[in-house]
Amino acid sequence: MSAPNLFLFYVSDAEASTAFYSDLFEITPAFTSPRYIAFEAAPGVLFALWTGRSEQAVPGTPRTSEIGLMVPGSASAVDALFARWVAKGVTVLDEPHDDVFGRTFVVADPDGNLIRVSPVD
């Protein structure tokens, strides 16, 4: 058995979400189709955006998940990334603060999916 290697985020607008994540993470998709876009997060590991099957791809379908981005460095590295993302206009849900696992903050994508940033464990 292998470890999970595909992480799906449900989105309502594939094109807008692709632009959001491409800009936020400064990466380009490894694969694109009308309703499914995949980014290579690491060799053999995909972070993908998906609207669901066409009958599920309606605005009223709930789409919320949380992903984490662990950054190397000190608390100042987390704060610096927060400042860069705020300059890009992200929706901030939880400003940088110290928690049991270190410095952290949470932002949301256009669908309300959560993106938590913290230091590398």
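All of the numbers you see were taken from the coordinates with simple rules; none came from a lab. Computed from a prediction, not measured in an experiment: that's the story for all the values here. Reconstructed Cβ throughout: ideal geometry from the backbone, glycine too, with neighbour counts over all protein chains shown.
Here are the numbers:
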quantity	calculated
Acute angle (nearest 10 degrees) that the helix 75-87 long axis makes with the longest principal axis of the chain, alpha-carbon atoms	50
Size of electric dipole in segment 1-55: Cβ of Lys, Arg +1 and of Asp, Glu -1, about Cα centre, debye, nearest 20	200
In Å, descending, principal axis extents of the Cα set of segment 1-55	32, 29, 14
The chain: angle of helix 14-25 to the longest principal axis, Cα-based, in degrees nearest 10	20
Ranked by how many other beta carbons lie within 10 Å on average, peptides 76-84, 100-108 from highest	100-108, 76-84
